[in-house]
Amino acid sequence: MICKHCKKEIENDSVFCRFCGERIRRQRKPKDEVSVAPPALTKSGKYRGRVMVDGNRVWITEDTEAAYYIRARAIKAGMIEQANKAPKDTLGQIIDRFINENEAVLSPATVRSYKSMRKTRFKAYLDQSVSKIPWQVMISKETECVRPKTVINAWRLVTGAMQYAKMTPPVVNLPKSSRSERAFLDYEQIQKLLPAIRGDECEIVYLLALHSLRMSEILALTQCDGSMIRVRGAVVRGENGLVSKEQNKTDLSHRDVPVMIPRLRDLLDRLPVDVSEKTINRHLKRICAAVGLPDVTLHCLRHSFASLAYHLKWTEKTTMQVGGWSTPAVVHDIYTHLAAQDVNEDIERMKAFYEDEKPTVSKTVSKNAS
């Protein structure tokens, strides 16, 4: 090869010319060598410099220049390795994989709910790689559009999909969801409802709900011997209509419930139920409005079963067992609410006692006065 400075012939692959000493070509660093910014020598005699980690400066201070380069390159090499290992899947892809691969073991209603959330939530971020999504910004933007509970449910789907893909979900601040009070009828309101629903085409459904049955359990009920309601399986709404399930919501949902309302025995020939939930709730809304009862849904009648159990002094454990609740949250909330109501009534009775009390003059006072 020819030196570009002195034009003399030199050996191939030379870095410097052996005649004029000038550099012939730039010496390349090894392919796997990581470059870092050189350090500055501080007044204390230490070497200080920085590398960038996720857009933030990380300062490194070492006693020697060699020690500085070792540590700086180690940090930067770790960043490069982490970037190479970062998942390339988009958010939509990992959610799709989670739903599709678990569809056989999930409830059809759950699959339907997940697919609905997949279509409607976090739409601006579904095509982005999960390694590049600004998670908190995503949560904040979604909170501006829908209720906090909707955002929380959608985030549960995202974290479930990430965990299924063996990813660690990021820590985010979720909106606070105000806890809605569970709606139900108390024992006096139940007594008022029973004659009001008599003769309605949905009467058997309301009576079964007052026995604690869920709508999915009522739809799966095909017969009853008049003394015991054998709750087995469920019928839920899937993507393409109603779907039968052999398994109930939980293991405790599989139960036998004694028939406790005599009127139910007269209506057993109407099984299986063939009325839509929309019709059932529409009729119930009209009936409640006509007799001055709170606006409740069919599921509220299931909660009303628990309120009546409280009035009849059932334990929470018995109510959970007959009602098929696997966790005490619902029953405990209803019992606590009614217990507070009882306390208020007791206080009002004591107030009334003092307000109605007629002051009398004691004999001692009268004698002293004379």
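The values are calculated or read from the model by the stated rules, or taken from the named source; none is laboratory data. In this text the structure is predicted, and so the values were computed from the model without any measurement. Note that we place each Cβ from the backbone using ideal geometry, even for glycine, and neighbour counts take in every protein chain shown.
Structure notes:
- Set side by side, the residues Gly55, Gly45 differ, and just one is assigned by TED's automatic domain parsing to the domain that holds Ile70, among the small types (Gly, Ala, Ser) and modelled with pLDDT under 80, which is Gly55.
Residues checked against (1) within 20 Å of Pro170 (Cβ to Cβ); (2) at pLDDT 90 or above:
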| residue | (1), (2) |
| --- | --- |
| Ile80 | no, no |
| Asn100 | no, yes |
| Ala104 | no, no |
| Ser131 | yes, no |
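- Residue that is nearest to the chain's Cα centre (by Cα) [pool: residues in region 124-159 that are in a helix (DSSP H, G or I) and closer than 15 Å to Asp96 by Cα]: Arg156
- Of the criteria (1) under 23 Å from Asp256 (Cβ atoms); (2) surrounded by fewer than 21 Cβ atoms within 10 Å (Cβ to Cβ); (3) of a type outside the set (A, V, I, L, M), which one Arg237 fails: (1)
- Enumeration of residues in region 202-233 that are in a strand (DSSP E or B) and crowded, with 22+ Cβ neighbours inside 10 Å: Ile229, Val231
- Region 277-290 residues that are in the same structural domain as Ile197 (by TED's automatic domain parsing) and crowded, with 18+ Cβ neighbours inside 10 Å, paired with ones that are of a type outside the set (Val, Ile, Thr) and not in a helix (DSSP H, G or I) (beta carbon under 6 Å, 6 or more apart): Ile280/Cys202; His283/Asp200; His283/Cys202; Cys288/Asp295
- Top-ranked residue in region 184-200 [being part of a loop (DSSP other than H, G, I, E, B) and more than 19 Å from Ser212 (Cβ to Cβ); ranked as nearest to the chain's Cα centre (by Cα)]: Asp200
- Which listed residue, of Val146, Val137, is modelled with pLDDT of 90 or more, among the aliphatic types (A, V, I, L, M) and surrounded by 14 or more Cβ atoms within 10 Å (Cβ to Cβ): Val146
- Hey, Glu181 in a helix (DSSP H, G or I), at pLDDT below 95 and either touching a helix residue (DSSP H, G or I) at 6+ places or on another chain (Cβ under 7 Å) or not assigned by TED's automatic domain parsing to the domain that holds Pro108 (or both) or not: no
- For Ser178, the requirement of being surrounded by 13 or more Cβ atoms within 10 Å (Cβ to Cβ) and under 27 Å from the mean Cα position of the chain (by Cα) is not met.
- Enumeration of residues in region 296-311 that are over 13 Å from Cys202 (Cβ atoms) and touching a residue at least 60 places away in the same chain (Cβ under 8 Å): Val296, His299, Cys300, Arg302, His303, Ser304, Phe305, Ala306, Ser307, Leu308, His311
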